[in-house]
Amino acid sequence: MAKGIKVLSNKSMSLNDQLVECKRPEIVYIPLVNHSKMDCECLVKVGDKVLKGTVIGRRNDNIDLPIHASVSGKVIGIEEKLYCNGEGVKCVAIENDFREKSVDLRGAKKNIASYSKDDFITILKECAVTGMGGGDFPTYIKYKSELNTIIVNAAECEPYITADYMMVKLHADEILEAVDAIMEINGIDKGIIAIKESNIEMRDEFIHYLGTYPKITITMVRNVYPIGWEKLLIKEILGIEYEKLPSDKGIVVNNVSTIYAIYKALKYRRPISKRIVTVTGERLQEPKNILIRLGTSMKNVIEEFGGYIGSSKIRFIAGGPMMGTCLDTDDLVVTKNLNCVLVIDDKDEADLPCIRCGRCIAVCPANICPVLIKDKVNDFESLKYLHPEKCIECGLCSYICPSKIRIRESVREAKKEIRRH
């Protein structure tokens, strides 16, 4: 059986309310970033007028992908803002004119299953559909191969986060329509929606519409973390292992919010301009799921919905508690791959010496040796044989460590060391 352990859920606090939308920002900051490319080309200058959907930047290395404006208005500068990985990145600052004028992209079809595969891939590229579960990987690349199975990842295994559940609650019918169209266009025989066995409510949202789609089934997976990692998910559902990519076995995995972005691209030929973000944690006045315009400052969003509670030190995290990144400030901009902002107490827990218990090795889903990587973080020759690049940064090594050592951070540094060489 595939690895995974149970962790505290803490999801209920953000499910107390319906989805709300924050007010439209006066200025948006669109990062010139995609996936691992942190310095995409800027295609606009100060003073340019843009429409919602205007291409304002482009990734143009071995991957071709546009970056779009999320509002209409005027470019007022290139500024550095905080990205969800904790780095400062260049952003196009756009002054919102609140007119919501969009680029007119013709060619959308009412029957979204009637596109050819070439057109499908072109649309995913033009609309810059990327992994919205956190990866930001260009989705069109996943569909270049011959495929036989699609898995819709609705496991949402990270604690606190409920953005995908809210997406399904609001758009289960459109998500199923999109999956059916994807299967038709790509000649895929099998469609599987993966939901944690603890999330009966999400399953029921799909069941209302599922009878119309006989090729799509629901599979309930174990309530363990990190079952949402695609390698683990595929092993759990299909019993299949692969070396490099799921497409090597004819499989594609898309996060449920990514599927909805595909639906929007096929139905309206437009990129998304907003996303659902779970804004939660014990130190927030009003934890909830919020629909937020891309490029909005989270500082403004938190202020709009009641701000913080308590006076002690807080820990501000982009993402969930396991895979997220601790930030020094809340002036973070919302991007397609930001699914959660978490605000909790900052508990200063001193690291104790490693007792060599091996628990981090036992729980590692990537089957590497986190503590040994930590010990050799600056020794490139040793790291070559320890393969830190296989780490998925799930955080289980730090979570399970009885000495409270921040092992994941050391493995991250080791991954950077490998890349530098």
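The values are calculated or read from the model by the stated rules, or taken from the named source; none is laboratory data. Just so you know, these numbers come straight off a predicted model, no measurement behind them. Virtual Cβ from ideal backbone geometry, glycine too; neighbours counted across all protein chains shown.
Here are some notes:
- Against the conditions (1) modelled with pLDDT of 95 or more; (2) not in a strand (DSSP E or B), K109 satisfies every one except (1).
- Number of the condition not met by R408 [criteria: (1) at positive phi; (2) touching a Gly at 6+ places or on another chain (Cβ under 7 Å)]: (1)
- One residue from E286, E304 being modelled with pLDDT under 95, surrounded by fewer than 24 Cβ atoms within 10 Å (Cβ to Cβ) and in the same structural domain as V50 (by TED's automatic domain parsing): E286
- Flag if V179 is part of a helix (DSSP H, G or I) and in contact (Cβ under 8 Å) with a residue 60 or more places away in the chain: yes
- Summed over segment 262-271, the residues that are buried (at least 24 other Cβ atoms within 10 Å of the Cβ) and farther than 18 Å from E184 by Cβ give a count of 1.
- Restricted to strands (runs of 3 or more DSSP E) entirely inside segment 3-87, those with at least 2 residues that are without any contact (Cβ under 8 Å) to a residue 60 or more places away in the chain, over 21 Å from the mean Cα position of the chain (by Cα) and buried (at least 16 other Cβ atoms within 10 Å of the Cβ) are 55-60, 73-82.
- Exclusive hit being touching a Gly at 6+ places or on another chain (Cβ under 8 Å) and more than 25 Å from I121 (Cα to Cα), set V46, V20, V7: V46
- Residue within segment 118-130 that is free of Cβ contacts under 8 Å to residues at least 24 places away in the same chain and of a type in the set (A, V, I, L, M) present: yes
- Residue match in segment 373-381 (condition: modelled with pLDDT under 95, of a type in the set (A, V, I, L, M, F, W, C), surrounded by fewer than 20 Cβ atoms within 10 Å (Cβ to Cβ) and part of a helix (DSSP H, G or I)): yes
- Residue in segment 241-251 that is buried (at least 22 other Cβ atoms within 10 Å of the Cβ), touching a Ser or Thr at 6+ places or on another chain (Cβ under 6 Å), among the β-branched types (V, I, T) and not in a loop (DSSP other than H, G, I, E, B) present: yes
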